[in-house]
Every structure is written in C-alpha cells, then in structure tokens.
1. Just to confirm the filter: which chymotrypsin sites (Phe, Trp or Tyr not before Pro) across the stretch 9-86 are DSSP coil and have at most 16 other Cβ within 10 angstrom of their Cβ?
2. Take Val21, Val107 and order them by how many other Cβ atoms sit within 10 Å, fewest up front.
3. Based on the alpha-carbon gyration tensor of the stretch 5-121 and its eigenvalue square roots a ≥ b ≥ c, which shape applies: rounded if a/c is under 1.5, prolate if not and a/b is larger than b/c, or oblate?
4. Tell me, what ³J(HN,Hα) does each residue in the stretch 61-73 have, in order and in whole Hz, if you take phi through Karplus 6.51 cos²θ - 1.76 cosθ + 1.60 with θ = phi - 60° and put x for Gly and Pro?
5. Subtract the Cα-Cα distance of Ile102 and Ala39 from 0.36 nm times their separation in residues, and report this length gain in nm to one decimal.
6. Show the residues, 5+ positions off or on another chain, whose built amide H is closer than 5 Å to the amide H of Arg11.
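Computed from the coordinates by the stated procedures, all read-outs in this text should not be read as laboratory data. Remember, predicted model here, so these are calculated numbers, not experimental data. For neighbour counting, all protein chains shown are included, and Cβ atoms are generated from backbone atoms with ideal geometry for every residue, glycine included.
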Amino acid sequence: MSSDTKCLGHRSDGEPCRSPVVGESGYCFAHDPERTEEAQRARRRGGYGSSAIQRTRNLAPASLRDVYTALEAAMGEVHDGRLAPARASAMAALARAMMQVITAGEVEERVRSLEATLIGFVPGNIGATPGQHRM
C-alpha cells in the first residue's frame, strides 16, 4: 500500500482515522488488530520518560517513589480492566496515609531544627546571633 493510504480504523469520536497505513494490514499502528497488545504497551509508556513527568516523580520523597510507580501501574491496570477499581482505591488510600505519616515526620524534623536554632535566642536581642546578647 502507498504511504498516502489512510487507515481503515475509526477514532474514538467515530470519525475515520487519518493516520497512514503501516504494512499490508490496511491499518495504522494504533488500529492494527494484530498489534493490539503492542499498541497498548506503547500507550502506557507514552510520556513515561518525558522530563516533566520525571521531575514530578522526583518530587516524591525517595521512600515513596516505589509507591508512586505502583500506583501508576495500577492506574493502567484499572484502565485495561485487569485490576478492580476498589482495589486501586484501597491502594491510593494507603498511599495517602503513608504520605501523611511522612509529611508529619518531616514537619516534626523542621520544628526541632528551628527550636535548636532558637535555643540561645533572647527576646529583645534583634540582630544578635543566637547565644549573643546586645548591650
């Protein structure tokens, strides 16, 4: 088939697909019935390595990156019908609880650090360094 031949498939809105045909099937990569699994894998991977997504992943504390990855995989499994939505919701609830525990620990650590910094501070000594008194 020539490269200007359009796919025999239809888009989700019912309109004819405008993508060029790949191979002899008469379909583009996304609509080729013999490449269904390959196309689904490609859709799931789509954007996975993009810098914006990678930066978002890196915002999560290191201890939660595996949880993020598991939730991301669960989302794909729910979409594909391989994981019950109720199980994914339970996973998300547990992840939220984990995040709250970690956040509380981080806040406690910050408060202790601030308290340690202010131990030598005497009110009225504005401009003095902790432990130093103005005359």
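1. Details: sites: Tyr27, Phe29, Tyr48, Tyr68; in loops: Tyr27, Phe29, Tyr48.
The qualifying sites are Phe29, Tyr48.
2. Numbers: Val21 22, Val107 10.
Taking fewest neighbouring Cβ atoms as first place, the list is Val107, Val21.
3. Working: a/c = 4.61, a/b = 2.79, b/c = 1.65.
Cα axes put the stretch 5-121 in the prolate bin.
4. x, 3, 5, 10, 5, 5, 5, 4, 4, 5, 5, 4, 5
5. Values: separation 63, 0.36 × 63 = 22.68 nm, distance 3.77 nm.
Result for the pair: 18.9 nm of gain on full extension.
6. Here Cys17 satisfy the definition.
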